[in-house]
Amino acid sequence: MGSFIINGGNKLEGIVEISGSKNSALPILASTILHGREYIIKNVPDIDDVRRMLEILILLGCSASYENGCCYINTKNLNTYDISDALSKKLRSSIIFLGPMLARNKMAKITYPGGCDIGSRPIDLHLYGLKKLGVDVVEEGEFVLCTADNTHNSDIRLGYPSVGATENIMLFALSVEGTTKIFNAAKEPEILDLQKFLVKCGYKVHGAGTDTITISGDKDISHDETVEYSIISDRIEAGTFMALAAATNSKICIKNADKDHLSNIIKLYKDAGCLIDDVEDYIYIINNDRIKAVNKVVSRPYPGFPTDMQAQLMASLCISDGISFIEETVFENRYKHVNELNKMGANIVVQDNLAIINGVNKLHGDTVNVRDLRGGAALVIAALSAEGKTVVDNIHHVNRGYEKFAFKLQELGADIIEN
Ligand code: UD1
């Protein structure tokens, strides 16, 4: 499953270019099945999750290839409604095919996505929204069969602004006659990116980025020309490099990040003592000293502090002055990196969903095990700030979501090799 061998302690310096957003790319790739046509999706990160998404498209009868950051997709020959295999074997986030598959085929067969390394991933909100639009949901053993023969528009109020549910309902509602409104929708920048892509395809959607999204169904979409679209940059990758600069007393210039998507992360590291400035396409972050502990940080849906940055923030607070508190409210089981950080000399205590980080003077190298994507990035940050050698095992989790991570770190002067 691969390892990173890291000799920590180097101060890093240089420019890192941020790739396209994983969390935008995946739903946009899935939504290409809405309508059989050709697509060129640009600025797509070269990561394992994208490769798996393309494999799923091929499994569904479409053609899909990747070259130099571009995906070339043709979905005219989609030939199945069954996404259960893709869900159980390829990629749990392939639940995002449910909405567009139902919109295109009026039928979709899925398995429950089940648990994963950061806790269970229920789909009750996805199904709630689809049912409100007239979808019939029947459980058959481990499978769920959804049919969309008698659909109607509706107002849908989500009990929680789930990113996945918002995307699935938005995508399905495009096939439903009349106007559908999603209230308490997720407001993440990736939802806005999906809306921009859909508008480029000719659909009528607005409101993404606010908590009410309005979708006007258009059954007779007849735009057949190739759609070209470029994905936004990855705010979580940018945040990860900010956490790295803070942890390793480094000077990193982050290119191509959208600072508006990073405002709470920038504020947090400024409060912790880092110097941060932005000029045009660049965010400069300089940290000369040990950072200060932070007041309680609570992970919340956007524009709150992202759950996808919780682990990297924690890694950067291991060596700090004082005691920091982090509360994880989005996922129930997202502290699997804590034991590994403690193995490296950190002093973190977890009480339910609250992590108490007692800043220490230094970390030391060890052999640590990655359990999930962002936890893996956190262990790499900790290893680069530690004294001595660290072996980070099971890095396939990291390669799911970070493009050329080791290479980008090497370019900044890190002593890291991928094995
Ligand atoms: C979540 C994150 C997203 C992140 C992604 C990958 C939030 C709100 N969502 O999106 O920012 O990029 O993981 O790490 O920060 N839930 C239900 N029922 C459902 C759907 C979700 O109870 O039908 C619960 C989940 O168990 C979880 C919470 O809602 O506790 C957030 O889930 P959701 O936003 O749907 O997750 P993702 O779309 O994976």
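The values are calculated or read from the model by the stated rules, or taken from the named source; none is laboratory data. Please read these numbers as outputs of a predicted model, since none were measured by experiment. Every residue, glycine as well, gets a Cβ built from its backbone with ideal geometry; the counts of neighbours run over all protein chains shown.
Do we find a residue being surrounded by 23 or more Cβ atoms within 10 Å (Cβ to Cβ) and assigned to a strand (DSSP E or B) anywhere in the stretch 46-59? No, because not a single residue in the stretch 46-59 is surrounded by 23 or more Cβ atoms within 10 Å (Cβ to Cβ) and assigned to a strand (DSSP E or B).
Considering each of Ala272, Ala246 in turn, give the residue that is at pLDDT 95 or above, crowded, with 24+ Cβ neighbours inside 10 Å and small (Gly, Ala, Ser). Outline the logic, then answer.
Working: Ala272 fails: crowded, with 24+ Cβ neighbours inside 10 Å.
Result of the check over Ala272, Ala246: Ala246.
Rundown of residues vs (1) loosely packed, with under 15 Cβ neighbours inside 10 Å; (2) within 17 Å of Thr214 (Cα to Cα), yes/no style:
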{"position": "Arg121", "(1), (2)": "no, no"}
{"position": "His126", "(1), (2)": "no, yes"}
{"position": "Val138", "(1), (2)": "yes, no"}
{"position": "Gly159", "(1), (2)": "yes, no"}
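Evaluation of Gly129 against the conditions (1) within 15 Å of the ligand (Cβ to nearest atom); (2) at pLDDT below 95; (3) not in a loop (DSSP other than H, G, I, E, B) shows that the sole unmet condition is (2). Out of all the residues in the stretch 84-102, is one or more in a strand (DSSP E or B) and surrounded by 15 or more Cβ atoms within 10 Å (Cβ to Cβ)? Looking for residues that are in a strand (DSSP E or B) and surrounded by 15 or more Cβ atoms within 10 Å (Cβ to Cβ), one finds none in the stretch 84-102, hence no.
Only one entry in Ala346, Ala311, Ala355, Ala377 is of a type in the set (Gly, Ala, Ser), without any contact (Cβ under 8 Å) to a residue 60 or more places away in the chain and under 28 Å from Ile416 (Cα atoms), namely Ala346. Within the stretch 142-161, identify whether any single residue is outside any helix (DSSP H, G or I), more than 30 Å from Asp260 (Cα to Cα), within 15 Å of the ligand (Cβ to nearest atom) and modelled with pLDDT of 95 or more, and answer yes or no. Within the stretch 142-161 (the criterion being outside any helix (DSSP H, G or I), more than 30 Å from Asp260 (Cα to Cα), within 15 Å of the ligand (Cβ to nearest atom) and modelled with pLDDT of 95 or more), the answer is yes, since at least one residue qualifies.
Among the residues making up the stretch 172-200, those that are part of a loop (DSSP other than H, G, I, E, B), surrounded by 19 or more Cβ atoms within 10 Å (Cβ to Cβ) and either among the β-branched types (Val, Ile, Thr) or over 20 Å from the mean Cα position of the chain (by Cα) (or both) are Leu174, Ser175, Val176. If I filter the stretch 372-393 for residues that are in a loop (DSSP other than H, G, I, E, B), surrounded by fewer than 16 Cβ atoms within 10 Å (Cβ to Cβ) and small (Gly, Ala, Ser), do I get at least one hit? Yes - at least one qualifying residue is present in the stretch 372-393.
Contact map, the stretch 275-288: residues that are under 16 Å from Asp234 (Cα atoms) paired with residues that are among the hydrophobic types (A, V, I, L, M, F, W, C) and not in a strand (DSSP E or B), Cβ distance under 8 Å, separation 6+ or inter-chain. Pairs shown: Ile283/Ala238; Ile283/Met242; Ile283/Ala257; Ile283/Leu262; Ile283/Ile266.
For the stretch 126-156, name all the residues that are among the charged types (D, E, K, R) and either within 17 Å of Arg104 (Cα to Cα) or free of Cβ contacts under 8 Å to residues at least 24 places away in the same chain (or both). So that I can check it myself, show each step before the final result.
We begin by selecting, within the stretch 126-156, every residue among the charged types (D, E, K, R); these are 131-132, 136, 139-140, 142, 149, 155.
Those that are among the charged types (D, E, K, R) and either within 17 Å of Arg104 (Cα to Cα) or free of Cβ contacts under 8 Å to residues at least 24 places away in the same chain (or both): Lys131, Asp136, Glu139, Glu140, Asp149.
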